[in-house]
1. In debye to the nearest 20, how big a dipole does the chain give about its Cα centre with +1 on each Lys and Arg Cβ and -1 on each Asp and Glu Cβ?
2. I need the phi-derived Karplus couplings for the stretch 284-299: 6.51 cos²θ - 1.76 cosθ + 1.60, θ = phi - 60°, integer Hz, Gly and Pro marked x.
3. Residue 251: accessible area at probe 1.4 Å, nearest 10 Å²?
4. According to the square roots a ≥ b ≥ c of the eigenvalues of the Cα gyration tensor, what is the shape class of the chain, taking rounded for a/c under 1.5, prolate for a/b larger than b/c otherwise, and oblate for the remainder?
5. Each residue of the stretch 184-200 in order: what ³J(HN,Hα) in whole Hz does its phi give by Karplus 6.51 cos²θ - 1.76 cosθ + 1.60, θ = phi - 60°, with x for Gly and Pro?
6. With θ set to phi - 60°, apply the Karplus curve 6.51 cos²θ - 1.76 cosθ + 1.60 along the stretch 44-52 and write out the HN-Hα couplings as whole Hz, x wherever there is a Gly or Pro.
7. Which value, in Å² rounded to 10, gives the accessible area of residue 7 with a 1.4 Å probe and all protein chains present?
8. Give me the distance between the Cα centres of the stretch 191-266 and the stretch 60-80, rounded to whole Å.
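The values are calculated or read from the model by the stated rules, or taken from the named source; none is laboratory data. Being a predicted model, the structure only gives us computed values, none of them experimental. Backbone-built Cβ (ideal geometry, glycine too); neighbour counts: all protein chains shown. For the accessible areas, the whole protein counts, side chains as well, though only heavy atoms, and no ligand, DNA or RNA atoms are used. Shrake-Rupley method; radii C 1.70, N 1.55, O 1.52, S 1.80 Å.
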Amino acid sequence: MKVVDLRSDTITQPTDAMRRAMCEAEVGDDVYGEDPTVNRLEEIAAAMLGKEAGLFTASGTMSNLIAILVHTRPGDEILLGSEAHILWYEVGSASAVAGTNLRIVPNDENGSMDLDLVQAAIRPEDIHFPSTTLLCLENTHNRCGGAVLTPEFTTAACDVAHRNGLHVHLDGARIFNAAVAQGKPAADLTAPVDSVCFCLSKSLSAPVGSVLCGSRDFITRARKKRKMLGGGMRQAGVIAAAGQVALDTMLDQLEKDHANAKRFATGLAGIPGIACSIEATVSNIVMFSLPPHVPSREFVDRLREHGVKLNHTSRKAIRAVTHRMIDAGDVDFATDCVRSVLNEFR
Ligand SMILES: Cc1ncc(COP(=O)(O)O)c(C=O)c1O
């Protein structure tokens, strides 16, 4: 049976070139800083994001937590969007491990936040208050349907934060999607933030890993936090090699993924009863919702029986993510399946 897996770009498997590079990688003990392949990946990633240094980590979740640990102290308060990945899907690590208080600012549909609300949420000095020390942003924005933050918004948000003594961390799990979607170098989107991480294991197709980037001093401190979390990985060049190939070869793929997402959104928008915004589909994530009488969990289960795998993100909303292993024919197949499964609920 044909299977079209649109649950996430994390299901992408390493390319043949990545597997070869992994096999041939020159390695050393990375905890001693002696793995040349990891060192090179960290240098390349930092240069691409316009930062002084990088740190290879096991995952986006680990990178975000390390950044929070470096930028804050237990009891500090973090400002983040109401739809932030850090808030929804990182097992509460900012509170459980870093001991921080989370203060939520509503996300607009485009992943941004009202900067007046950000300013208002920053606590003044008061003996009763936690200190607000960090603002977290996300680009592209997962729960906001792959929306992209513009450099102008990021700069304005950083201005507010920096003026008030806060640092800014950018969860850029899909920052290269954001860059391709705006036709700009990734470094243009990351210039004003103090730290940024991105994932190698999502649309870039590498099997494992994320790179956290920032100033040399920030990365020195981050390296120690990584060790504390058990993330010192020894001969990690074996996996970092795939990450290098990902950065070398996969960026062209992202434009195709975005075109396929747009194609899917266009197909879905043409199905009576489905709400899907074609204009809001700007990267590789497509969000759509069902008519009120159709429960999304059951809909997703039925679609799977037809060979199409999607994720529901709430009672009504469903998410699809395009990636290297999806072509235009797969998207059309998925559109036809959505149409016929919806008919089963009439
Ligand atoms: C925006 C965002 N940040 C962070 C992560 C976490 O990445 P990982 O799954 O590598 O921990 C994800 C994963 O989907 C994500 O979408």
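1. On the way: 35 positive and 42 negative charges, 153 e Å.
Rounded to the nearest 20 debye, it is 740 debye.
2. 9, 10, 10, 10, 9, 10, 9, x, x, 7, 9, x, 5, 5, 5, 4
3. 50
4. Numbers: a/c = 1.98, a/b = 1.25, b/c = 1.58.
Oblate, because a/c is 1.5 or more while a/b does not exceed b/c.
5. Values per residue, Gly and Pro as x: 10, x, 4, 4, 5, 8, 10, 3, x, 7, 7, 8, 8, 10, 9, 9, 8 Hz.
6. Couplings: 4, 4, 4, 5, 5, 9, x, 10, 6 Hz.
7. We get 70 Å² for residue 7.
8. 18
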